[in-house]
Amino acid sequence: MQVVKRTSRSSSPLRWNKSLLGSLFFLVSAFAANAQTCDVIVKGIINDEHSEDPIQFANVYLEESRQGAVSDENGSFELEGICPGQYHTVVSHIGCETKRIFLNITSDTTINFELDHGSHLLHEIAIRGHHSEEGSQESHTLDAESINENSEDNLAGILDGIAGVDQIKTGNTISKPVVHGLSGNRLLVLNNGVSQSGQQWGADHAPAIDPLQAGRITVVKGVSAVEYQGASLGGVVLVQPSAIDRDPHLHSDLSYFYQTNGRGHGFHTSTSRYNKILSWKLNTTIKKSGDLKTPNYFLTNTGKEEANASLQLERNFGERVKADVFMSSFNTRLGILRGSHIGNLNDLQEAMIREEPFYTNDSFSYLIQPPSQEVNHHLGKVHVKYILNDSTWFDVNAAVQQNLRKEFDVRRSGRSYTPALSLDMRSAFLEGKFQTQIRQKWLLKSGAQYMRKDNVNAANTGILPLIPDYISDLVGAFTVATYKTDSFAFELGARYDLEDRRVVTISQDLPRRPVRFNDSYHNLNIGAGIHIDLNNSIGWSYNLGFANRNPEVNELYSNGLHQGVSGYEIGDPNLESERSFKQTFNVLVNLNDRLIVEGLGYLQFINDYIYLNPENASILTIRGAFPVFRYRQTDARIYGFDLVATHDLNRYSRLLLKYAHIKGTDLERNVGLVNLPSNKITGRLSFHIPTFFGLENIEFHISDKFVFQQSNIQPWQDFLAVPDAYNLINAELVMEKQWKKRRVKFWVRSNNLANTRYREYLNRLRYFADETGIDVVIGAKMSL
Amino acid sequence: MKFKSLFFSSLALLTVFNACNDEPEDPIIANESELITTVIYELISESKADTLQLTFRDLDGDGGMAPEISSDTLKANTNYTGLIKLLDESGDDTEDITVEVSAEGEEHQLFYLVQPDSIAISYNSANVDGNGNPVGISTQLSTGGAFQGSLTITLRHEPDKFADGVADGKIDNAGGETDIEIEFPIAVE
């Protein structure tokens, strides 16, 4: 939900200054007359931010006086008999993010609110127009409310509901997002505007980001990430904190959840206070869960512990300079299914035919033992914005990051508690950007970035490192020009990056000695897009982009056993950069908000696509024979489409249908690409009741997801046949209640309601164990 | 646009300043503490007249040079006492890993599989862990008639030593992860 004129998502400082609250204070104090009796009337209209249609059944509530009103069919509301004073006003509506606004009421006031009525569709439908930074590319945003309702999930899990977005998993605690089939090195993840710097390469390396610290998470299903530095062949995940509400009082949001599967608990707090001198917001998250359970057995050693915090500070220096500081710390310990830790290929084959994994305990435990991971990620960022005039401003960002990753294996003689892999990556980032209006309706955005990464292996592991030490410098610059009218938008942008990387590996032969490499890459990204609204009901957009991605260190220099996958991986120092050409075509049809259909088709060619090829050879080690996987290049094609439709059956119910189709082909060998998501279809029926016995905004969803079998893969491309298709039923109930000054939200959700036994193709542990069975999550959030 | 030019020149300066080609330091080459480079299965005949060896040696560990495997020829109709030696010969000092395995007997077991099945290998009943289960470092071996085949020696870490048949040397139900699996060619004359 958004208040009129308050375009928080726009980065325009001009609009910031004109934010409703500022003008409200002005407006209200202008009427500061003599009225001290309790006869003040506050009225207004609540409209849809996008269609401008009036919104019925929205709740307006003054916390201090416990007075409330519901909007009528014209969107009008009226609160009578109000005593002059200061009030916290809550405006809420089904599915919208509930907003709390501080008002100083002295006399009769008219306030019009605009609700982001589309936000309840945001899981499904892209809302266009207010995300200036993503331009004409297709983007989907999850707001703080939907993130919070899914607080037991990690980043990739929360994004998984969006059509065209999947997750690649190692068990159920480690997962990374996949956008249009690409993940890891090919997907850019930005935390607060800074490219997340860590060990992105492994399928068992989840992004070290706490989604609960974010005010919103946006997935750009784009063609080329021109504005951002870092490897991306289209997709971008933007994790952004929300600005601190302009409320001079101390406020806290407390939320808690309990999850039956894994007996997990989680507690999250968000405390903030606006102040002219220094505004601040503190977020903390603690989570702990134990062994997960499939329908038939416990997944021994799949517990998880997490403790995170972030601090946000904001201060304005006069009208022209705004500064903010963001610091976050993410810390986790994750258990990996004990039965998935195996030796050679024979062990793998033995493990695969077992009904339940080795080492399965009959009882539940919170204990985390090797194999396990410990990951810490710390980020510090300073941002200064200088506003020259209404249409021109400069941004400077400086950030430092540290990513510590320790992986523990089952080892002899107590060495299990010495990490088998211990990496420390430090990085520094500096960015300068400016935006200006060059002519009417023409916007120009330009900037330059520099990032330095220093990756070091700890020496005490007792194992030769899989990934070498290196230092890399990445320098780049971009320009984007946008032409925009109400119904038409055009954009063209380009960026160039130079990466220089110095690598030191350790020789495979004796005597061991350092072997040095120096790599230098030039990367070019170009993106163009057009968006046209034909009328109020139909809009379409077309984007095309070219992008380079240079090979990463794991692809170039890996040399060793990847034990979890029972393969000997060999990098190739002569790999070339990948070149991607992607186009997307998107159509959105909106018939009076009753029927909305969105289709997004994409076609991507990636020349010199880097992949791990199972070689027709094995390598003999003391642990027996291992298959050899070598990094090779081919030309690849990925195409697919995401289709979403919602239909309002009546005022209280809505039907949603979602389908994602994807196919990837290795054009040189004419076989499917491995590790691409399966096609899937989801149907969902939702009911919503505005008020019922003092409860507000009651929502009930029941959904059914059918995942097709991945049929593009030949049997020789994998150790085990791809899993069968499966069907999952989920249900969710959400409601809110206002108790005096406290607003409480409850939710109950069940995942895999039918306790279905299944395995998912994109979960690496599918060789060893089933997916988790039924899970019930209950959660509550209280605003103080 | 004073600010702009100032900003970009300072950014450029900083970039140039930082992007000097400094190299990462030489890595500290890890002491591969867990490496087993060498497996020797030593066989002493009952009469102590013959000492034979089956040897696996891969000094540079996984990858790099291929391992060397050699086997002495066994005599027909002879009883041998077998003893496994696990060594790390990658460093300057040879380390005896057998001691480690022996000390963690409850977590380890060696398995011997002869194909075709014409040599009997049994665990030495004196070589047991704290639970009375065999570790398998010391064995008894009896040959029959002449034949050619293979002997696979497997060391499992954290097997289920109480599972059915495991104490008798059957690997099928053992589980655990393989630390060693070597197939020696074997000939009896």
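Remarks
- For B:Ala66, neighbours were defined as the other residues whose beta-carbon sits under 13 Å from its Cβ, and their charges (Lys and Arg +1, Asp and Glu -1) total -4.
- Among the residues of A:342-355, the average count of other protein chain beta-carbon atoms within 10 Å of the residue beta-carbon is 3.
- Derived scalar couplings between HN and Hα for the range A:533-544 equal 9, 5, 7, 5, 9, 10, x, 9, 8, 9, 10, 9 Hz in order, rounded to whole Hz, by the Karplus curve 6.51 cos²θ - 1.76 cosθ + 1.60 (θ = phi - 60°), x for Gly and Pro.
- Vicinal HN-Hα couplings computed from phi for the range A:410-420 (Karplus, 6.51 cos²θ - 1.76 cosθ + 1.60; Hz; Gly/Pro x): 6, 9, 7, 6, x, 6, 4, 9, 9, x, 7
- Packing rank of A:713-722, A:608-617, where each peptide gets the mean count of other beta carbons within 10 Å, highest leading: A:608-617, A:713-722
- Based on DSSP H segments of at least four residues, each scored -39500 (n - 2.57), chain A has a per-residue ellipticity at 222 nm of -1500 deg cm²/dmol.
- Here is the tail figure for the range B:32-188: Cα pairs spaced more than 28 Å apart come to 18 percent of all pairs.
- Other-chain or far-sequence residues with amide H under 5 Å of A:Gly773's (modelled H): A:Lys293, A:Thr294
- Trypsin sites (Lys or Arg not before Pro) within the range A:374-472: DSSP coil, no more than 15 neighbouring Cβ in 10 Å: A:Lys441
- Inter-chain Cβ neighbour count for A:456-468, averaged per residue, equals 4 (cutoff 10 Å, partner chain atoms only).
- Peptides B:96-106, A:621-631 ordered by packing proxy, namely the average of other Cβ atoms within 10 Å per residue, highest first: A:621-631, B:96-106.
- Each residue of the range A:158-169 was assigned a 3J(HN,Hα) from its phi angle through the Karplus curve 6.51 cos²θ - 1.76 cosθ + 1.60 (θ = phi - 60°); the sequence is 5, 7, 4, x, 6, 4, x, 10, 10, 9, 9, 10 Hz, with glycine and proline shown as x.
- B:Ile97 long-range amide H proximity, modeled H, under 5 Å: B:Leu86, B:Leu87, B:Asp88
- Rounded FRET efficiency, nearest 0.05, which uses the C-beta distance separating A:Ser618 from B:Val99 and R0 of 35 Å: 0.65
- Förster radius 51 Å - calculated FRET efficiency between A:Trp442 and A:Leu595, Cβ distance, rounded to 0.05: 0.90
- Lys, Arg +1 and Asp, Glu -1 on Cβ, resulting dipole of chain B about Cα centre, debye, nearest 20: 420
- Partner aspartates and glutamates for B:Lys75 [C-alpha distance under 18 Å; skip if fewer than 8 residues away on the same chain]: B:Glu42, B:Glu46, B:Asp50, B:Asp117, B:Glu189
- If you take all other residues with their beta carbon under 14 Å from the beta carbon of A:Asn616, and give Lys and Arg +1 and Asp and Glu -1, the sum is +2.
- Modelled spin labels at A:Tyr258 and A:Glu355, positioned 7 Å past Cα toward Cβ, are 3.3 nm from each other.
- Counted charge near A:Ala231, where neighbours are those whose Cβ lies closer than 10 Å (Asp, Glu -1; Lys, Arg +1): -2
- Taking the C-alpha atoms only, the angle from helix A:20-30 to the longest principal axis of chain A is near 20 degrees.
- Spin-label model, A:Glu80/A:Asn389: points 7 Å from Cα along the beta carbon direction are separated by 5.0 nm.
- Proximity of backbone amide H atoms, modeled 1.01 Å from N, is registered between A:Gly222 and A:Gly235, A:Val236 at under 5 Å, excluding neighbours fewer than 5 places apart on the same chain.
- The overall shape of the range A:360-436 is prolate: from the C-alpha gyration tensor, with semi-axes ordered a ≥ b ≥ c, the ratio a/c is 1.5 or greater and a/b exceeds b/c.
- Relative pair counts by distance (%), Cα atoms of the protein assembly as shown, 10 Å bins: 2, 10, 19, 22, 19, 12, 7, 4, 2, 1, 0, 0
- Averaged over peptide A:504-517, the number of partner chain Cβ atoms lying within 10 Å of each residue's Cβ comes to 4.
- When only the Cβ of Lys, Arg, Asp and Glu is charged (+1, +1, -1, -1), the dipole of chain A relative to its Cα centre reaches about 1420 debye.
- Entries in A:Lys680/A:Lys745; A:Lys304/A:Lys745; A:Lys99/A:Lys745 that, when Cα-Cα distance is taken, lie over 22 Å: A:Lys680/A:Lys745; A:Lys304/A:Lys745
- The trypsin sites (Lys or Arg not before Pro) found in the range A:64-116 that occupy coil by DSSP, while having at most 16 further C-beta atoms within 10 Å, are A:Arg66.
- Our estimate of slack between A:Val321 and A:Leu524, defined as 0.36 nm per intervening residue step minus the Cα-Cα distance, is 69.8 nm.
- Projected label points at B:Thr51 and A:Tyr366, each 7 Å from Cα along the beta carbon direction, are separated by 5.7 nanometres.
- Extension gain for the segment A:Arg66 to A:Val748, taken as residue separation times 0.36 nm less the Cα-Cα distance, is 242.8 nm to one decimal.
- Pairs from A:Lys385/A:Lys441; A:Lys293/A:Lys740; A:Lys176/A:Lys381 whose Cα-Cα separation, in the structure shown, is over 31 Å: A:Lys293/A:Lys740
The numbers here are math on the coordinates, done by the rules we state, and not lab data. Note that the structure is predicted; figures quoted are calculated from it, not measured. For neighbour counting, all protein chains shown are included, and Cβ atoms are generated from backbone atoms with ideal geometry for every residue, glycine included.
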